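Engineer: I have a structure I would like to understand better, so I am pasting it below and will then ask my questions one at a time.
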Amino acid sequence: MISCIETALKPELLDAEAVGLQRKAMDYFNINIHDGRVVNLVTIEAELSFDELRAIKDEILTNPVIQISSLENPLEIGFDWCIWVGFRPGVRDNAGSTAQEAVKDLLKRDFRAGEGIYTSKRYCITGNELTREDVEKIAGELLANPIIQQWKVFSYREWKDTGEKSNNISKALDSSSVKNFDSRPVGLAVPKVMLNHVPGFDTINIESDQALQKISNERNLALNPRDIPVIRQYFLDPDVRESRNRVGLSEPTDVELEYISQARSDHCNHNTFRGLFNYRDISTGETAVEKNLFKTYIQEPTLQLKDEKEWVVSVLWDNAGVGRFDGENNYVITGETHNSPSNMEAYGGAITGIVGVYRDPLGTGLGSRLIMGSYGFCVGDINYNGPLKAPLHPRRLLDGVVEGVKDGGNKSGVPTTFGQTLFNDGYMGKSLVFVTALGIMPSHVNGMPSHEKKTEPGDLVVMSGGRVGKDGIHGVTASSEVLSENTPAGHVQIGDPYTQKKMHDFLLIARDEGLFGFITDNGGGGLSSSVGESAMISNGCEIWLDKVPLKYDGLDMWEIWVSESQERMTIAVKPEYIDRFMELSKEHEVESTVIGTYTDSGKLHILYNEKTCAYVDIDLLEKGFPQWEFDAVWVPPDIRGLTEPVLKPPSGKAGYNDLLCDMLARPNICSKEWIVRQYDHEVQGGSVIKPLVGINRNVPSDASVIRPVLTSERGIVFSQALLPWYSKIDAYHMMSCTIDEAVRRIIAVGGSISHIGGVDNFCWPDIQHHPEKNPDGRFKAAQLVRACRALKDASFAYGIPLLSGKDSMYVDGYLQGKYGDSVKVSALETVQFSATGVVEDIKKCITLEPRMPGDLVYVLGVTADELGASEYYELLGKTGLNVPEVNFKRFKVIYKTLEKAVDSGIVASAHAVARGGLGVHFALSAISSGMGMDINLDSVPLSPDLSSAKESNSIDGFPGDDLLLFSESSGRFIVTVAPEYQSVFEKLFKGLPCGCVGRISDTHSNLRIQGIKPCKIEAVKSVKAEDFKDISTLDGKNMDSFLIIDTPCDYLEKVWQAPMGGMV
């Protein structure tokens, strides 16, 4: 029997979801919805009595204080148009699953096979000018994604007509069936997967390389052409054929080829980073053969630093890296991307990404408790109205990924304490969704090191968590290709944080009881990866695919094996512990199933109903597969034609005031508070430095600090940086500046450079040269080599072991053009670098907002002529040549000195100068405090060439105040110090680039900046720190003529918040 219960907010209450729809319809399409209400539908397919259904309605689904509900008929809510939206068959319905559990608890009965609960919504909207075209647009481009959802649109008349037909049918039926048909046009259709298919497996013809390549293309295996001869050679080997004949196989099966495809994908095997690069610099003539980027630039420095850093516990082999937190606990960190799925279905891709990365710490060592998450979004212009059509418009995509990460984090009970959002047209082709997770675990479990784990022959293979369906199939192969119209929608999944939270809690208890010796997550590649990789430790396994719990019948063996359905872990349990493990699993309402056993047979043996469907050597993937090879040709930026633009600086105070305001309103500078506010950072109660700081709690902090062990004064500090724009000039400097910024942020809040671990997350466009499809592939390959070189240089210079990392290649997409053409759009070469460390005493941590009137303002670090690829040049439509460069040795001295100053308590506030330069970050400091600042650019420490130009008194020799305000030179901080600590502070920084540039005002609330006028330098040079009382009377002279910026802080704040202040 099928029934439907509807609920909605009472008419007198504000319907926030409907209001959000109204605003989006206007913002996106200029469509005016006059009013709207949202109705939630719960469709129940189960043999339940009317009294039971009424109990479900009243006791589970309806809050009588704020909601109305109906069981027998649709709610009477007026509308001009009604849009119904529901999931497609097979798509994870989290709300429906949760409702099913609640009903089970209420009625004390299990759901039978074929029964279930499904949710959907109908949007009742009014508007005199609404047309069907308008409503269809709202349905298809705002409310539903055809990949995972279906929808219907009804006018009021159509709704009434359909309801009357349904009612007539119900009257013709006997009374026992009336509840199956009532007067509702929607809500009684059940999105159930029905596969009229007998599961099986196929054997594959491999008579030639061409035949196997054809199969690869047809099945979307994404096999590399150079791998195909190796695969054929293995299966044609006489000894292999003989052993296969003994289990009833000859030709390879689709299960085996799918397994190889997953394991050999760039996503899983990191073929690009393990490839061979023939590098050539056309300007210097340098040639080099880079034999393995991963080994040379990631593995070797990290292992060397591991030996030098006693706090590094485990790196480079598990799901996440492990560092020592204190004598009793270790912390765990890892990072991921979920780019391709998020471009197809933004919400589903993002929630799956964040929930997926949360499984990595749980699957590290013997399992860790989640303590923190972060995000990074790189999308196209959210106001884009050009001719290219992406699968999802950047605005809608951003809304979806923000909501996905919100639901994945908030509903998992994990604080999201840091994040960044960037905009660039290159991300129209493929947006980037970075997610990071941290966990904590006891250093020892039952007397054994918690970071060690292994599978042994005889251990049972147990799958815990969710069931397997068609969702997520070919996720890793899709991630290893350029996004196109042929990308399968099936690789999109919907994460379920509720199911995963129960599994998380259950497995940590099982860990503490010593019930298993190995755990890993089912992520990319599903069982094929988790079982295939873990079986290498024991040297074999036997898997019974018919035992794997399925969401629905009819899946073929290969689909069960490679499905990436979410919320699943693979665990090795010894037979003597399996009863207690299953008892605990049932107690926590987590489904766990024995699906096989680990062996030492040397074989991966997969059966279905006792019939072999796969039988290959466990070390097959190490049997002579060739390295991928790339030609890498570096063309320096000056040879590529990049030059510094010829510009004249703004004239007068009005020009600079307007310029600063325009900079603050830039998409990559302006406030993203609307995003940050959606994430819960206080859950678990460990927040120390929060995502937003300042008197109005609206300025993003440099880094976050959490207290994972509430009885300890120690904390974990975390930061991230993204600077893809510098790749336009040189990816070496992009990487070095990105790492330096992440380090600088750590130092600014009180972290120590002696304990920083890194996570490098590469996202790179296609680097394989093709004369038509990818003509600049050689250059992008050289950019990758240079970025890896910078990664190694920075790691050694700052002593940063790379605890974890990720590479996501092929950040390219083909977009439909105005004339039906297809345009390839590639993202900038991008790296998100995450940095984490341990703070010994959280009470010594500081934030960026100035504290008291009268405090002195210092700039630490040198400002140089480095506007290349800066936000200032972006504003002017320029690129430039002089990209910021990092002097690791010089910067490290400044960082260690500032660390000492913060630890001694003489620093009131510190802020890492980042994108936008000093001008932007003076403004953010002023906004954060609400107090005025008097700044004199004459005291800013300069590079030798700029200092020489200034001292020469030459107007032509000194570029201008815009350079000092907006240069993005690395290695700089804005620091405030109380006057009583001035001498101590300046003595500490003696001989280092440190300039007292101003003070916090007690007489006004403006940001007032005095520029450098080379023709009047002598008058300005006499100004000293103690003279900063009122900038208009400095040194007894009227200095107003030197003011280039004089703007109220509250006005700067409004300008900074305005661009995205109204977003929902």
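Throughout, read-outs are computed from the coordinates displayed, never taken from laboratory work. Just so you know, these numbers come straight off a predicted model, no measurement behind them. Counting neighbours? That spans all protein chains shown, and the Cβs are built from the backbone with ideal geometry, glycine included.
Engineer: Under 5 Å between amide H atoms, partner at least 5 residues away or on a different chain: which partners does residue 933 have, H built in plane at 1.01 Å?
Structural biologist: Excluding prolines and chain starts, which carry no amide H, the hits are 1001, 1006, 1007, 1008.
Engineer: Please state, rounded to one decimal and in Å, the Kirkwood hydrodynamic radius that the range 197-269 gives when every pair of distinct Cα atoms enters the mean of 1/r.
Structural biologist: Result for the range 197-269 stands at 12.9 Å.
Engineer: Something else: Would you kindly calculate the translational diffusion coefficient of the range 524-598, applying Stokes-Einstein with the Kirkwood radius from alpha carbon pairs, for 20 °C and a viscosity of 1.002 mPa s, and quote it in µm² s⁻¹ without decimals?
Structural biologist: My calculation gives 160 µm²/s for D.
Engineer: What percent does the relative contact order of the chain come to when contacts are Cα pairs within less than 8 Å and at least six residues apart?
Structural biologist: 11 percent
Engineer: Kirkwood hydrodynamic radius, the range 1-66, all distinct C-alpha pairs: what's the number in Å?
Structural biologist: Across the range 1-66, the inverse of the average 1/r is 14.0 Å.
Engineer: Among the listed pairs 137/430; 10/57; 551/586; 844/896; 547/586; 309/806, which are separated by more than 20 Å between their Cα atoms?
Structural biologist: Check vs 20 Å cut-off fails for 137/430; 309/806.
Engineer: Please identify the GluC sites (Glu not before Pro) of the range 550-658 that satisfy two criteria: DSSP loop assignment and at most 13 other Cβ atoms within 10 Å. Which are they?
Structural biologist: 589, 610
Engineer: Still on this structure, please answer the following. What value, in deg cm²/dmol to 500, does the helix sum -39500 (n - 2.57) over DSSP H runs of n ≥ 4 give at 222 nm once divided by the residues of the chain?
Structural biologist: After summing the helix terms and dividing by the residues of the chain, the value is -9000 deg cm²/dmol.
Engineer: A follow-up question, please. Taking 7 Å along the Cα-to-C-beta vector as the label spot, tell me the residue 50-residue 513 distance in nanometres, rounded to one decimal.
Structural biologist: 4.6 nm
Engineer: Quick check: Cα centre of the range 527-573 to Cα centre of the range 20-64, how many Å?
Structural biologist: Answer, in whole Å: 37.
Engineer: Amide H neighbours of residue 687 under 5 Å, at least 5 residues apart or on other chains, H built in the peptide plane: list them.
Structural biologist: For residue 687, the qualifying residues are 707.
Engineer: Net charge within 9 Å of residue 597 by Cβ-Cβ distance, Lys/Arg positive one each and Asp/Glu negative one each, not counting residue 597 itself?
Structural biologist: -2
Engineer: Output ³J(HN,Hα) for the range 717-732: one whole-Hz value per residue in order, computed from phi by the Karplus curve 6.51 cos²θ - 1.76 cosθ + 1.60 with θ = phi - 60°, and x for Gly and Pro.
Structural biologist: Rounded to whole hertz, the list is 9, 9, 8, 9, 9, 9, 9, x, 4, 5, 5, 4, 9, 6, 5, 4.
Engineer: Continuing with this model, one more query. To the nearest 10 degrees, how steeply does helix 346-362 sit against the main Cα axis of the chain, on a 0 to 90 scale?
Structural biologist: The helix 346-362 is inclined about 90 degrees to the chain.
Engineer: Also: Specify the inter-centroid distance of the range 326-385 and the range 960-1000, based on alpha-carbon positions, in whole Å.
Structural biologist: 37 Å
Engineer: Taking the range 299-362, which GluC sites (Glu not before Pro) meet the DSSP loop condition and have no more than 14 other C-beta atoms within 10 Å?
Structural biologist: 310, 328
Engineer: Report, in degrees rounded to the nearest 10, the 0 to 90 angle that the Cα long axis of helix 777-798 makes with the longest principal axis of the chain.
Structural biologist: The helix 777-798 is inclined about 70 degrees to the chain.
Engineer: Can you pull out the GluC sites (Glu not before Pro) in the range 670-772 that DSSP calls coil and that have at most 15 other Cβ atoms within 10 Å?
Structural biologist: 682, 713, 772
Engineer: Taking the Cβ of each residue in 735, 1063 as the centre, tally the other Cβ atoms inside 10 Å and list the residues starting with the fewest.
Structural biologist: 1063, 735
Engineer: Further, regarding this structure: Please give the peptides 778-784, 519-525, 744-750, 457-463 ranked by average Cβ packing (other Cβ atoms within 10 Å per residue), highest first, as a rough proxy for protection.
Structural biologist: 744-750, 519-525, 778-784, 457-463
Engineer: Could you let me know the centre-to-centre spacing of the range 670-686 and the range 100-147, using Cα atoms, in angstrom?
Structural biologist: Cα centres, the range 670-686 to the range 100-147: 28 Å.
Engineer: Right, here's the next one. Measuring from a point 7 Å past the Cα of residue 446 along Cα-to-C-beta, which residues in the range 518-554 have an amide N at less than 12 Å?
Structural biologist: Answer for this model: 518.
Engineer: Now for a different question. Can you give the angle from 0 to 90° between the axis of helix 527-538 and the longest principal axis of the chain, with both taken from C-alpha atoms, to the nearest 10?
Structural biologist: Approximately 80 degrees, to the nearest ten.
Engineer: If you don't mind, another one. May I ask you to compute the full-extension gain from residue 843 to residue 76, defined as 0.36 nm times their residue separation minus their alpha-carbon distance, rounded to one decimal in nm?
Structural biologist: Length difference between fully extended and current span is 270.4 nm.
Engineer: Follow-up question, since we're still on this one. Per residue, how big is the convex hull of the chain when only Cα atoms are used? Give it in Å³.
Structural biologist: Convex hull of Cα atoms, per residue: 184 Å³.
Engineer: Which whole-Hz couplings ³J(HN,Hα) result when phi for each residue of the range 886-897 is put into the Karplus expression 6.51 cos²θ - 1.76 cosθ + 1.60, θ = phi - 60°, listed in order with x for Gly and Pro?
Structural biologist: Once rounded to whole Hz, the list reads 9, 9, 4, 5, 5, 5, 4, 5, 4, 5, 5, 5.
Engineer: Kindly write out, for the range 255-261 in residue order, the coupling ³J(HN,Hα) from the Karplus curve 6.51 cos²θ - 1.76 cosθ + 1.60 (θ = phi - 60°), rounded to whole Hz, with x marking Gly and Pro.
Structural biologist: 4, 5, 5, 5, 4, 5, 4
Engineer: Collect residues whose amide H, placed 1.01 Å from N in the peptide plane, falls under 5 Å from the amide H of residue 909; neighbours closer than 5 in sequence don't count.
Structural biologist: Hits under the 5 Å cutoff: 976.
Engineer: Once you have the Cα-Cα distance between residue 580 and residue 619, take 0.36 nm times their residue separation minus that, and quote the gain in nm to one decimal.
Structural biologist: Full-extension gain reported as 10.7 nm.
Engineer: For residue 821 paired with residue 291, estimate the spin-label separation in nm (one decimal), with each label point 7 Å from Cα along the Cα-to-Cβ line.
Structural biologist: 4.6 nm
Engineer: What does the charge count near residue 645 come to, summing +1 for each Lys or Arg and -1 for each Asp or Glu among other residues with Cβ under 13 Å from its Cβ?
Structural biologist: Once all neighbours under 13 Å are counted, the net charge is -2.
Engineer: May I pose another question? Could you tell me what a quarter of the Cα convex hull surface of the range 747-885 works out to, in nm² with one decimal place?
Structural biologist: Projected over every direction and averaged, the Cα hull of the range 747-885 covers 13.3 nm².
Engineer: Which value results when the Cα radius of gyration for the range 2-180 is divided by 2.2 N^0.38 Å?
Structural biologist: Dividing the Cα Rg of the range 2-180 by 2.2 N^0.38 Å gives 1.08.
Engineer: For an R0 of 56 angstrom, estimate the FRET efficiency from the Cβ-Cβ distance between residue 109 and residue 326 and round to the nearest 0.05.
Structural biologist: 0.70
Engineer: With labels modelled as points extended 7 Å from the Cα through the Cβ direction, what inter-label distance (nm, one decimal) is found for residue 160 paired with residue 66?
Structural biologist: 3.3 nm
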